[in-house]
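These notes are about the structure you will find just below.
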Amino acid sequence: MPRERDEIDDDDDSPRRRSRRDEDDEDDDRPRRSARRGSADDEDAPVRATGSNGLATTSLVFGILSFCTGITFIPGLICGFMGLSKARTSGVGKGMAIAGILTSLVGFVVSGAVAAGGYFLYVQKQKLDERMVAQNNFKQLGIATHNNSDATGFLPKPYLDESRRDSDPPLAESAMKTKLSWRVTLLPYLEQASLHTRFQRSEAWDSPANKPLSQTVVRQYADTDTPLDPATRVRCFYDNGAIFDSRFKITLNGVTDGTANTILYVEGSDKAPWSQFNELKFDPKGALPALGYPNRDTFTVLTADGSTRQLRKSINPATLKALITRAGGEVVGDY
């Protein structure tokens, strides 16, 4: 009997049995259809890139660093182009390589602009510092001149010759050039009393005894750009109404144009040994000498009241001549 039941079950074509057979057929068909579909899709689909592009990544890193250093833009560009070439064959990292190239270029431009701006500010600061040092040196010369005037009653003569009197005939220009400068006179008031006593004041500035002393650097006379050079640009105008006179002793009370409107010392364009009389002879009707550093548009002056000023080289010559005279009676406006 059991055998017959099994046979009956196998031959049973009931709905329940048919449903089970249909489900089994579907299960059998599903993997086969999926396999067929997969093989067709694999033939048509593009090959997906795998792996990484280290050159592209390195290029981007160097590009970012170039914003700070600037110099890394070079390896950034090299790695970027190499990474771009690799991306063409591997299909990986093209966007990152392009980003690295662009970042390197922008970083170079930005860092270059920052460096240029920093250098410009540094140069401007250096110029400002040099001007401040020059003005401070001129102020110390003004104090020394006033102290010398208080001690002697007179301003120093443009050249040192203690044996001459006001009534003596003026020296020839060639003879003046051998004399010691007013700058030697001021040495005791610039904390250089020992150096002052070693000069032979009756001898020429370049005598065997005096010339070696002229190689001593006196800070107040030195240039700000060449502080170890014993030569100087600090000059004075003399004769023909200027505050320094080669024949007569001048007092501060004799500066009737006003000490604030009369130039005491000026910055010349060329250098001279600081101990040598090599000053600027004033010619009211002639051309004015070149003043100030050749590469600057201003020059420093010290007025007789001890004030320092920066004057433009484009100043009206008539105004500058009015500032040179001590008792010319000119009206000096804004300058």
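Scanning for something among the aliphatic types (A, V, I, L, M), part of a strand (DSSP E or B), assigned by TED's automatic domain parsing to the domain that holds Gln192 and closer than 30 Å to His196 by Cα, does the stretch 237-244 turn up at least one residue? Even if it seems obvious, please write down each step before you answer.
Quick first cut of the stretch 237-244, residues among the aliphatic types (A, V, I, L, M) only: 242-243.
Cutting the leftovers down to part of a strand (DSSP E or B) gives us 242.
Next, only the ones that are assigned by TED's automatic domain parsing to the domain that holds Gln192 stay: 242.
Next, only the ones that are closer than 30 Å to His196 by Cα stay: 242.
Within the stretch 237-244, one or more residues are among the aliphatic types (A, V, I, L, M), part of a strand (DSSP E or B), assigned by TED's automatic domain parsing to the domain that holds Gln192 and closer than 30 Å to His196 by Cα.
Of all residues in the stretch 228-237, which are under 20 Å from Ala144 (Cα atoms) and either basic (Lys, Arg) or surrounded by fewer than 22 Cβ atoms within 10 Å (Cβ to Cβ) (or both)?
Pro230, Ala231, Arg233, Arg235
Could you please let me know if Pro284 is part of a loop (DSSP other than H, G, I, E, B), touching a residue at least 40 places away in the same chain (Cβ under 8 Å) and exposed (fewer than 15 other Cβ atoms within 10 Å of the Cβ)? Before you say what the answer is, go through the steps one by one.
Working: part of a loop (DSSP other than H, G, I, E, B): yes; touching a residue at least 40 places away in the same chain (Cβ under 8 Å): yes; exposed (fewer than 15 other Cβ atoms within 10 Å of the Cβ): yes.
Yes.
Pairs needed: first member in the stretch 63-80, assigned by TED's automatic domain parsing to the domain that holds Met96; second member anywhere, surrounded by fewer than 16 Cβ atoms within 10 Å (Cβ to Cβ); C-beta distance under 7 Å; at least 6 residues apart or different chains.
If the second residue must be surrounded by fewer than 16 Cβ atoms within 10 Å (Cβ to Cβ), the pairs left are Phe67/Val110; Gly70/Gly112; Gly70/Ala115.
So, in the stretch 245-275, of the ones that are under 34 Å from the mean Cα position of the chain (by Cα) and part of a loop (DSSP other than H, G, I, E, B), which residue ends up nearest to Lys321 (Cα to Cα)? Don't jump to the end; show me each part of the working.
Going through the stretch 245-275, the residues under 34 Å from the mean Cα position of the chain (by Cα) turn out to be 260-275.
Filter once more, so that each one left must be part of a loop (DSSP other than H, G, I, E, B): 262, 274-275.
On the way: Thr262: 10, Trp274: 25, Ser275: 26 Å.
Filtering the stretch 245-275 for residues that are under 34 Å from the mean Cα position of the chain (by Cα) and part of a loop (DSSP other than H, G, I, E, B), the one nearest to Lys321 (Cα to Cα) comes out as Thr262.
Could you tell me which residue of the stretch 213-227 is surrounded by the fewest Cβ atoms within 10 Å (Cβ to Cβ), considering only residues that are of a type in the set (Ser, Thr, Tyr) and within 24 Å of the chain's Cα centre (by Cα)?
The residue in question is Thr226.
Filtering the stretch 173-200 down to residues that are exposed (fewer than 13 other Cβ atoms within 10 Å of the Cβ) and within 23 Å of Leu264 (Cα to Cα), which residue is modelled with the highest pLDDT?
It comes out as Ala193.
The values are calculated or read from the model by the stated rules, or taken from the named source; none is laboratory data. Given the structure is predicted, the values throughout are model-derived calculations rather than measurements. Please note: Cβ atoms are built from the backbone with ideal geometry, for glycine as well, and neighbour counts cover all protein chains shown.
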